Amino acid sequence: MSGALAPGDRLPSTRSLAASLGISRGTVVEAFDQLRAEGVLDAKVGAGTRVASALEDEPIASIGSASASPKIREVRLPPSAVRLAAVSRTLVPQPDVPFAVAVPAAGIAPDDAWRRLGNRVRATARAAPASYADPFGTLELRAAIAEHVRRSRGVRCEAEQVIVTSGTQQGLYMAGRVLVSRGDAVWAEDPAYPGLTAVLDDLELRTHRVPVDDQGIDVARGVALAPAARAAFVTPSHQYPVGMPLSMARRQALIGWAERNQAWIVEDDYDSELRYAGHPFPALQGLSPSRVVYLGTFSKVLFPSLRLGYVIAPEFLVDAFGGARAILDRHSPTAEQHVLAAYMREGLFESHIRRIRGLYSERREALLDALSSRLPEGCAVQPSDQGMHILIWLPTGTDDVRIAESAQAIGLTLRPISRMYCDPPGRPGLMLGFGGFPTERLRAAVDDLVPLLGTAR
Ligand SMILES: Cc1ncc(COP(=O)(O)O)c(C=O)c1O
């Protein structure tokens, strides 16, 4: 390997090598046998043992020496590796401190009922089959999901149209694989969820970022920018990250465009169960079930480490989504699917949603109350009545990333939104999650946060 012996060079006899190294001859014989088996040595009776001459054609890369692992700078990485490495630095979980966005209330999810039920269900043979399971998901869970979204979200579907995923992140990726091809034009909101834009970039789509205003995505602007786009990726019930719902007029305009152009709408309905005033807006899917692919997740209403979500696809796309699911990782863990199906069937899911809606509503009120009258000039809370976070707009010219860094240094976590725009820095703002923290903790965190808000101009 070091090149001290060249192909064709003769090795000493096993006897003399053993003597010179002071080891037993058996050890040397074993080593020679191993090297012969690997094709490094040739041995011919009467001709002794030589370094294999076949190695002349293809020199062995030297290994084990300091020069063996080239420096990262010297390796020309494929563009996809560069892009994906950047994603690994972007999609990182927030620490469990105020104001982390996706953290559910501690002790509430997963709760004792979930744990007890989980222990019971996981102990059954059905929950841990020895074979692969259906890529579409277990029938019980698909049926429970279909019933839940029909009743609570006005989604029009049968259990057969539900494909269980490991969360909306995977659903977005599957939609990008099934509905469009590399180079196709698509719409995404501006600003948008970084987990979505990472998927669209990875799939090498031509993404047109369509601005949102107080009614949600500006469909007329989308039509002006890319009338023939093949798909629109949207968050209609609670625009991510800003927070407004898509107005009824815009819903109709979006569906009208999709139907006229045979384009698809991908509806990311990530936290629609958590609406605090009046009834949630029904899902877009209910207005156009054959043009909309609906994505739901249990990350917000249960907990994100569960890694379960679902795609609801028009009947004629179900098999394609099943195939996309199968080539990713075949299927979600069967045991967790059975636990969740039982949790839903026994009514625990419904009562859990009612409970957290009440709790999160209190926490949200406490946060808004603590902030009111204390926001520095030029800061404003974006009106919204849903989800697990609020958004504070900062004065133009503020560096929201720097404020987030200062907050981190004092034990808080904030998500700056200026980088979620297509042309960073976009309008500065901070996302504040409230679901995971008791009211006293939120109030204390606001005391620490307020002095930072007027800085970094
Ligand atoms: C808008 C939006 N879409 C999708 C996701 C991904 O959810 P999941 O955990 O189901 O992959 C999130 C998670 O925070 C989100 O905020």
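The values are calculated or read from the model by the stated rules, or taken from the named source; none is laboratory data. These numbers come from a predicted model, not from an experiment. Every residue, glycine as well, gets a Cβ built from its backbone with ideal geometry; the counts of neighbours run over all protein chains shown. Ligands, DNA and RNA are stripped out before the accessible areas are found, and what is left, the full protein with its side chains, is counted by its heavy atoms. Shrake-Rupley method; radii C 1.70, N 1.55, O 1.52, S 1.80 Å.
Taking the 0 to 90 degree range and rounding to the nearest ten, how far is the long axis of helix 112-122 tilted relative to the main principal axis of the chain, both from C-alpha atoms?
It works out to around 40 degrees.
Ordered by packing density, taken as the mean number of other Cβ atoms within 10 Å over each peptide's residues, highest first, how do 243-252, 429-438 rank?
429-438, 243-252
Just the number please: accessible area per residue for the chain, 1.4 Å probe, all protein chains included, in Å². Numbers along the way, then the final one.
Values: 21810 Å² over 457 residues.
Roughly 48 Å² per residue, with all protein chains present.
Which value in nm describes the separation of the simple spin-label points at residue 402 and residue 224, placed 7 Å from the Cα toward the beta carbon?
Once both label points are built, they end up 3.4 nm from each other.
If I model segment 271-348 as equal point scatterers sitting on the Cα atoms and use the Debye formula, what is log10 I(q)/I(0) at q = 0.26 Å⁻¹?
Listed by q, the Debye log ratios stand at -1.28.
Leaving out ligands, DNA and RNA, and with a 1.4 Å probe, what % of the accessible surface on the chain is carbon or sulfur? List each step's numbers first, then the result.
Details: 11750 of 21810 Å².
That share works out to 54 percent.
If every alpha-carbon in the chain counts as one equal scatterer, what log10 I(q)/I(0) does Debye give at q = 0.06, 0.10, 0.12, 0.13 1/Å?
The calculated log intensity ratios at q = 0.06, 0.10, 0.12, 0.13 Å⁻¹ are -0.38, -0.78, -1.01, -1.16.
Restricting to DSSP H runs of at least four residues, report the calculated mean residue ellipticity at 222 nm for the chain, -39500 (n - 2.57) per run over all residues, nearest 500 deg cm²/dmol.
Only helices count here, giving -12000 deg cm²/dmol.
Could you order the peptides 76-89, 214-227 from most to least packed, using the average number of other C-beta atoms within 10 Å per residue?
Top of the packing list down: 214-227, 76-89.
Determine how many Å³ per residue the convex hull of the Cα atoms of segment 301-457 encloses. Don't skip to the answer; put the middle values down first.
Numbers: hull volume 27.0 nm³, N = 157.
Value for segment 301-457: 172 Å³ per residue.
Going by alpha carbons, how many degrees (0 to 90, nearest 10) lie between the helix axis of 139-153 and the longest principal axis of the chain?
That helix lies at roughly 30 degrees to the long axis.
Ratio to report: Rg/Rh of segment 133-286, with Cα atoms as the point set and Rh obtained by the Kirkwood method; give two decimals.
A ratio of 0.95.
Percent relative contact order of the chain, based on C-alpha pairs within less than 8 angstrom and at least six residues apart?
Working: 777 pairs, mean separation 85.0, N = 457.
Relative contact order, the chain: 19 percent.
Compute the acute angle (0 to 90°) between the alpha-carbon long axis of helix 168-179 and the principal axis of greatest extent of the alpha-carbon atoms of the chain; round to the nearest 10°.
So the inclination is approximately 80 degrees.
Stretched out fully, how many nm does the piece from residue 350 to residue 447 gain, at 0.36 nm a residue minus the Cα gap? Write out the running numbers ahead of the final one.
Details: separation 97, 0.36 × 97 = 34.92 nm, distance 3.52 nm.
So the chain would gain 31.4 nm between residue 350 and residue 447.
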